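The values are calculated or read from the model by the stated rules, or taken from the named source; none is laboratory data. Note that this is a predicted model, so its numbers are computed, not measured. Heads up, the Cβs are rebuilt from the backbone with ideal geometry, glycines too, and the neighbour counts pull from every protein chain shown. For the accessible areas, the whole protein counts, side chains as well, though only heavy atoms, and no ligand, DNA or RNA atoms are used. Shrake-Rupley method; radii C 1.70, N 1.55, O 1.52, S 1.80 Å.
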Amino acid sequence: MPIRTATGRRLEAGDVSGSVLAHEHLHLDLRTESDAEATLHDTGAVTAELADARRDHDLGLVVDLTCRGMGGDARVVRRISEDSGVEVVVATGWYYERFHPRGEPGTSVEEATELLLADILGGLDDGILPGVLGEIGSHGERASDAERTGLRASARAAVESGLSLGTHAHLGQGAREQLDLLTAEGLSPHRVSLGHQDLCDDGRQHVDLARAGAYIAFDTVGKTGYQSDERRAELLLDLLEAGFERHLLLSNDISRDTYLRDRQGQGYGHVLGPFRRMLTDRGVGADVLDLLYRANALRWLTGSEEP
């Protein structure tokens, strides 16, 4: 299936020659009473960083997993894409329950599925079409009832539309339950990216998910308050040693202005530059790096073949 972008282009996998960031945000608002700084609104800085990443690291595509209730705006994302020269995929779905819009997704999986299909077929702001479902969320080892509805409806919408799906597994927890819920609705595991697995120290979980056929997202690279990049590299190398190089996706999950480079954050280029050098220094070769930074993400998005 072609990749639908915010600019209206439909890309085949072969049209994307550069790196892919599989889980990012370009514009959102997740402020709560206890966290007044959870915004990503510095459009100029985001645009400049993406343009620099395109120039310095051959960034070709960004998957923006900002969905319903996360304060996104697809029109802003389209402008960032046009001004930076980097293609962007936008999303629909539901994050974890704390950020669900009032009354959504409800208790009916059927009605929730129709709501997502309306986004997918009719478009978001200005008719901009989502090219992925995500980041479909749960919070903890067991999803809440509302989160289960969101996961099940998102899976059904993915099957109906042919789109792929990325999850938010909070701190890496609950990913196996997510995969079981999604596949029980008929979604093939190779259309699923299980989020934040670099925050899970249990390599057995990673192997279990990869053996089940899913993609494992190491998508918070650079967020060293949660996990050191050295530990992320160790976990990734263990998966490479076990033969699962075709199941891994990489990204930064930039989700607030303070993560941007001009705010002394790691920025969008971190996983593409410093972390890539870390992997190279540890002996990861060019062919495997191409899988991690380009081919796997394109295969996930298009569903062209299983890992």
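Which is the longest run of the chain containing none of the trypsin sites (Lys or Arg not before Pro) found in DSSP loop states (not H, G, I, E, B) with at most 13 other C-beta atoms within 10 Å?
Working: sites that count: ARG9, ARG31, ARG102, ARG142, ARG282.
By the stated rule (loop sites, at most 13 other Cβ atoms within 10 Å), 143-281.
Under a 1.4 Å probe, what is the accessible area of region 89-178 per residue, stated in Å²? Don't jump to the answer; show the numbers that get you there.
Details: 3420 Å² over 90 residues.
Per residue, region 89-178 has an accessible area of 38 Å².
How much FRET efficiency would the formula 1/(1 + (r/R0)^6) give for SER228 and GLU33, where r is the Cβ-Cβ distance and R0 is 30 Å, rounded to 0.05? Kindly include the intermediate steps, with their values, before the conclusion.
Values: r = 30 Å, r/R0 = 1.01.
FRET efficiency, SER228 to GLU33: 0.50.
Per DSSP helix of 4 or more residues, -39500 (n - 2.57); summed, then divided by the residues of the chain. What does that give at 222 nm, rounded to the nearest 500? Display every interim value, and only then the final one.
Working: 10 runs with 109 residues, N = 307.
That calculation yields -10500 deg cm²/dmol at 222 nm.
Which ³J(HN,Hα) values, rounded to whole Hz and listed in residue order, are derived for region 114-131 from phi using the Karplus coefficients 6.51, -1.76 and 1.60 in 6.51 cos²θ - 1.76 cosθ + 1.60 with θ = phi - 60°, glycine and proline given as x?
After applying 6.51 cos²θ - 1.76 cosθ + 1.60, I find 5, 4, 5, 5, 5, 5, 5, 8, x, x, 8, 4, 6, x, 5, 8, x, x Hz.
Take the chain, compute every pairwise Cα distance, and split them into 10 Å bins from 0; I just need the percent in each bin.
Result, from short to long distances: 7, 31, 39, 21, 2, 0 percent.
Name the longest site-free stretch of the chain, where the excluded sites are GluC sites (Glu not before Pro) in a DSSP loop with no more than 11 other beta-carbon atoms within 10 Å.
On the way: sites that count: GLU33, GLU37, GLU305.
The segment 38-304 is the longest one with no such site.
Each label point is 7 Å from the Cα along the Cα-to-Cβ direction; what then is the distance between the points at ASP126 and ARG102, in nm?
The two pseudo-label positions are separated by 2.9 nm.
Pop a pseudo-label 7 angstrom from the Cα along the beta-carbon direction at both MET1 and SER144 and give the gap in nm to one decimal.
A separation of 2.8 nm, rounded to one decimal place.
Expressed as a rounded percentage, what relative contact order does the chain have, with Cα pairs under 8 Å and six or more residues apart? The partial results should precede the final answer.
Values: 673 pairs, mean separation 59.3, N = 307.
Averaging sequence separation for qualifying contacts and normalising by length gives 19 percent for the chain.
Using a 1.4 Å probe on the protein chains only, how many percent of the accessible area of the chain belongs to carbon and sulfur? Show your work: numbers first, answer last.
Details: 5030 of 11990 Å².
Answer for the chain is 42 percent, counting heavy atoms of protein chains only.
Find how much the distance from ASP201 to ALA51 grows on full extension, using 0.36 nm per residue of separation minus their present alpha carbon separation; answer in nm with one decimal. Kindly include the intermediate steps, with their values, before the conclusion.
Values: separation 150, 0.36 × 150 = 54.00 nm, distance 3.36 nm.
Computed gain between ASP201 and ALA51 is 50.6 nm.
Given points 7 Å out from each Cα along the Cα-Cβ axis, report the SER188 to ARG211 separation in nanometres with one decimal.
In this crude label model, SER188 to ARG211 measures out at 2.2 nm.
Taking the dipole about the Cα centre of region 1-92, with the C-beta of Lys and Arg at +1 and of Asp and Glu at -1, give me whichever of LEU30, GLY44, VAL89 is farthest to the positive side.
Projecting each Cα onto the dipole axis, the largest value belongs to VAL89.
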